[in-house]
Amino acid sequence: MHRIGILVGKQGRGSNMLAIHRACQDGRLDARVDIVVAPSEAAPAVHSAREAGLDVRIIPYPEQEVELPKALQGLDVVCLAGYMRLLPETVLRAFPNRVLNIHPALLPKFGGKGMYGMHVHEAVVAAGETESGCSVHLVNEQYDEGAVVCQRKVQVHPGDTPQDLAARVLEQEHLAYPEAIRLVLGS
Ligand code: GRF
(Lines give C-alpha, C1' and ligand atoms only; values in the text may rest on other atoms or scores of the structure.)
Protein backbone atom coordinates (compact mmCIF):
# COMPACT_ATOMS: atom_id res chain seq x y z
CA MET A 1 0.00 0.00 0.00
CA HIS A 2 1.33 3.44 -0.97
CA ARG A 3 1.77 6.17 1.58
CA ILE A 4 0.62 9.75 1.01
CA GLY A 5 1.59 12.92 2.88
CA ILE A 6 -0.58 16.03 2.66
CA LEU A 7 0.62 19.58 3.34
CA VAL A 8 -1.98 22.21 4.13
CA GLY A 9 -1.59 25.96 4.63
CA LYS A 10 -2.57 28.34 7.42
CA GLN A 11 -6.05 28.95 6.02
CA GLY A 12 -6.38 25.36 4.77
CA ARG A 13 -10.01 24.17 4.78
CA GLY A 14 -8.91 20.64 4.03
CA SER A 15 -11.61 19.63 1.54
CA ASN A 16 -9.08 18.20 -0.93
CA MET A 17 -7.30 16.47 1.96
CA LEU A 18 -10.57 14.75 2.90
CA ALA A 19 -11.32 13.89 -0.74
CA ILE A 20 -7.96 12.12 -1.00
CA HIS A 21 -8.58 10.31 2.28
CA ARG A 22 -12.03 9.18 1.03
CA ALA A 23 -10.50 7.83 -2.18
CA CYS A 24 -8.08 5.76 -0.07
CA GLN A 25 -10.89 4.44 2.07
CA ASP A 26 -13.27 3.51 -0.75
CA GLY A 27 -10.56 1.68 -2.70
CA ARG A 28 -10.08 4.14 -5.58
CA LEU A 29 -6.50 4.45 -4.36
CA ASP A 30 -4.33 1.64 -3.07
CA ALA A 31 -2.85 4.05 -0.55
CA ARG A 32 -3.35 5.63 2.80
CA VAL A 33 -2.86 9.16 4.12
CA ASP A 34 0.03 8.70 6.51
CA ILE A 35 0.49 12.25 7.71
CA VAL A 36 -1.03 15.71 7.39
CA VAL A 37 1.34 18.61 8.04
CA ALA A 38 0.02 22.08 8.92
CA PRO A 39 1.93 25.23 9.88
CA SER A 40 -0.32 25.96 12.85
CA GLU A 41 -2.99 24.42 15.08
CA ALA A 42 -5.30 27.19 13.89
CA ALA A 43 -5.59 25.81 10.33
CA PRO A 44 -9.20 24.59 9.93
CA ALA A 45 -7.89 21.47 8.15
CA VAL A 46 -6.20 20.35 11.38
CA HIS A 47 -9.55 19.90 13.07
CA SER A 48 -11.06 18.01 10.11
CA ALA A 49 -7.98 15.80 9.82
CA ARG A 50 -8.15 14.77 13.46
CA GLU A 51 -11.88 14.17 13.18
CA ALA A 52 -11.18 11.85 10.25
CA GLY A 53 -8.62 9.97 12.36
CA LEU A 54 -5.58 11.21 10.42
CA ASP A 55 -2.19 11.84 12.02
CA VAL A 56 -1.35 15.55 12.12
CA ARG A 57 2.02 17.20 12.64
CA ILE A 58 2.28 20.93 13.26
CA ILE A 59 5.46 22.38 11.73
CA PRO A 60 5.61 26.21 11.60
CA TYR A 61 6.83 27.62 8.25
CA PRO A 62 10.29 28.75 9.48
CA GLU A 63 11.03 25.17 10.59
CA GLN A 64 9.71 23.46 7.48
CA GLU A 65 12.92 23.64 5.44
CA VAL A 66 14.66 21.35 7.92
CA GLU A 67 11.78 19.46 9.49
CA LEU A 68 9.58 18.64 6.48
CA PRO A 69 11.98 16.20 4.78
CA LYS A 70 12.29 14.32 8.07
CA ALA A 71 8.53 14.24 8.70
CA LEU A 72 7.83 13.06 5.14
CA GLN A 73 10.56 10.42 4.95
CA GLY A 74 9.53 7.19 3.22
CA LEU A 75 6.32 8.53 1.67
CA ASP A 76 5.48 7.73 -1.95
CA VAL A 77 3.83 11.03 -2.84
CA VAL A 78 3.43 14.44 -1.22
CA CYS A 79 0.27 16.44 -1.98
CA LEU A 80 -0.09 20.16 -1.44
CA ALA A 81 -3.69 21.06 -0.71
CA GLY A 82 -4.17 24.76 -0.05
CA TYR A 83 -0.45 25.16 0.77
CA MET A 84 -0.23 28.54 -1.05
CA ARG A 85 3.54 29.12 -0.94
CA LEU A 86 6.71 27.86 -2.52
CA LEU A 87 7.78 24.55 -1.03
CA PRO A 88 11.29 24.40 0.52
CA GLU A 89 13.81 23.02 -1.98
CA THR A 90 14.83 20.41 0.57
CA VAL A 91 11.45 18.71 -0.01
CA LEU A 92 11.63 19.02 -3.81
CA ARG A 93 15.07 17.39 -3.79
CA ALA A 94 13.85 14.55 -1.56
CA PHE A 95 10.76 13.88 -3.75
CA PRO A 96 11.66 14.46 -7.41
CA ASN A 97 8.46 14.24 -9.53
CA ARG A 98 6.56 13.09 -6.46
CA VAL A 99 5.14 16.39 -5.18
CA LEU A 100 1.71 17.40 -6.49
CA ASN A 101 -0.31 20.59 -6.18
CA ILE A 102 -3.85 21.41 -7.19
CA HIS A 103 -4.72 24.71 -8.85
CA PRO A 104 -8.30 25.91 -9.46
CA ALA A 105 -7.91 26.78 -13.17
CA LEU A 106 -6.82 25.24 -16.44
CA LEU A 107 -3.07 25.84 -16.33
CA PRO A 108 -1.09 27.38 -17.95
CA LYS A 109 -3.93 29.90 -17.98
CA PHE A 110 -4.62 31.82 -14.76
CA GLY A 111 -1.58 30.56 -12.86
CA GLY A 112 1.49 32.13 -11.30
CA LYS A 113 2.24 34.40 -8.36
CA GLY A 114 -0.84 36.12 -6.94
CA MET A 115 -3.20 33.71 -8.72
CA TYR A 116 -4.70 31.84 -5.81
CA GLY A 117 -8.08 31.33 -4.19
CA MET A 118 -10.87 33.63 -5.31
CA HIS A 119 -8.42 35.80 -7.33
CA VAL A 120 -8.28 32.99 -9.87
CA HIS A 121 -12.06 32.74 -10.31
CA GLU A 122 -12.42 36.55 -10.41
CA ALA A 123 -9.88 36.68 -13.23
CA VAL A 124 -11.59 33.87 -15.17
CA VAL A 125 -15.01 35.56 -14.93
CA ALA A 126 -13.53 38.98 -15.78
CA ALA A 127 -11.83 37.55 -18.87
CA GLY A 128 -15.16 36.22 -20.17
CA GLU A 129 -13.91 32.63 -20.36
CA THR A 130 -16.53 30.02 -21.25
CA GLU A 131 -14.73 27.20 -19.50
CA SER A 132 -12.52 26.75 -16.48
CA GLY A 133 -11.57 23.83 -14.29
CA CYS A 134 -8.74 22.54 -12.18
CA SER A 135 -5.23 21.21 -12.75
CA VAL A 136 -3.15 18.84 -10.67
CA HIS A 137 0.49 19.40 -11.53
CA LEU A 138 3.98 18.39 -10.45
CA VAL A 139 5.61 20.98 -8.23
CA ASN A 140 8.90 22.62 -9.14
CA GLU A 141 10.67 25.80 -7.98
CA GLN A 142 8.22 28.12 -9.79
CA TYR A 143 4.58 28.76 -8.90
CA ASP A 144 2.22 26.57 -10.96
CA GLU A 145 4.80 25.68 -13.63
CA GLY A 146 5.41 21.94 -13.24
CA ALA A 147 3.97 19.43 -15.74
CA VAL A 148 0.20 19.00 -15.58
CA VAL A 149 -0.80 15.45 -14.55
CA CYS A 150 -4.59 15.75 -14.77
CA GLN A 151 -7.19 18.40 -15.57
CA ARG A 152 -10.98 18.45 -15.26
CA LYS A 153 -13.12 21.09 -16.94
CA VAL A 154 -16.31 22.95 -16.02
CA GLN A 155 -18.47 25.39 -17.97
CA VAL A 156 -18.54 29.04 -16.95
CA HIS A 157 -22.21 30.05 -17.12
CA PRO A 158 -23.32 33.57 -18.09
CA GLY A 159 -23.92 35.53 -14.87
CA ASP A 160 -21.68 33.26 -12.77
CA THR A 161 -20.11 34.99 -9.79
CA PRO A 162 -16.55 33.98 -8.87
CA GLN A 163 -18.11 32.14 -5.90
CA ASP A 164 -20.44 30.15 -8.18
CA LEU A 165 -17.50 29.15 -10.31
CA ALA A 166 -15.32 28.30 -7.30
CA ALA A 167 -17.97 25.88 -6.01
CA ARG A 168 -18.33 24.17 -9.40
CA VAL A 169 -14.55 23.86 -9.77
CA LEU A 170 -14.10 22.53 -6.23
CA GLU A 171 -16.35 19.52 -6.97
CA GLN A 172 -14.03 18.64 -9.84
CA GLU A 173 -10.92 19.19 -7.69
CA HIS A 174 -12.13 16.45 -5.37
CA LEU A 175 -12.24 14.00 -8.32
CA ALA A 176 -9.09 15.23 -10.04
CA TYR A 177 -6.73 14.90 -7.07
CA PRO A 178 -7.28 11.15 -6.51
CA GLU A 179 -7.06 10.58 -10.29
CA ALA A 180 -3.73 12.39 -10.46
CA ILE A 181 -2.33 10.49 -7.48
CA ARG A 182 -3.27 7.22 -9.17
CA LEU A 183 -1.43 8.30 -12.31
CA VAL A 184 1.68 9.29 -10.38
CA LEU A 185 1.69 6.12 -8.28
CA GLY A 186 1.06 4.02 -11.39
CA SER A 187 -1.66 1.94 -9.74
C1 GRF B 1 -8.30 24.70 -3.59
O2 GRF B 1 -9.19 25.52 -4.28
C3 GRF B 1 -7.05 24.47 -4.40
O4 GRF B 1 -7.27 24.52 -5.76
C5 GRF B 1 -6.16 25.60 -3.98
O6 GRF B 1 -6.45 25.80 -2.62
C7 GRF B 1 -7.77 25.37 -2.34
C8 GRF B 1 -7.67 24.41 -1.20
O9 GRF B 1 -8.95 24.05 -0.74
N10 GRF B 1 -4.78 25.29 -4.22
P11 GRF B 1 -9.12 22.95 0.38
O12 GRF B 1 -8.31 23.40 1.59
O13 GRF B 1 -8.60 21.67 -0.17
O14 GRF B 1 -10.58 22.90 0.69
Solvent exposure of the chain as accessible area per residue, Å², 1.4 Å probe: 49
Using θ = phi - 60° and Karplus 6.51 cos²θ - 1.76 cosθ + 1.60, couplings along segment 174-184 (whole Hz; Gly, Pro as x): 5, 8, 5, 5, x, 4, 5, 4, 4, 5, 5
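For Ala126 and Ala52, compute 0.36 nm times the residue count separating them, minus their Cα-Cα distance, and round to one decimal in nm.
Values: separation 74, 0.36 × 74 = 26.64 nm, distance 3.77 nm.
Stretched out fully, the Ala126 to Ala52 stretch lengthens by 22.9 nm.
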Sulfur and carbon atoms: percent of accessible area, the chain [1.4 Å]: 49
Under 27 Å, Cα to Cα: Lys pairs in the chain, sequence gap 8 or more or different chains: 5
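Can you give the Rg to Rh ratio for the chain, taking only C-alpha atoms and Rh from Kirkwood?
Reported Rg/Rh (Cα atoms, Kirkwood Rh): 0.95.
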Nonlocal amide H pairs with Arg57, under 5 Å, H built at 1.01 Å: Val36, Val37, Ala38
Angle between the chain longest axis and helix 15-25 axis [Cα atoms, degrees, rounded to 10]: 60
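The values are calculated or read from the model by the stated rules, or taken from the named source; none is laboratory data. Bear in mind that the values here come from a model prediction, so they are computed numbers and not experimental data. Remember, those area values only see protein heavy atoms, side chains included, never the ligands or the DNA or RNA. Shrake-Rupley method; radii C 1.70, N 1.55, O 1.52, S 1.80 Å.
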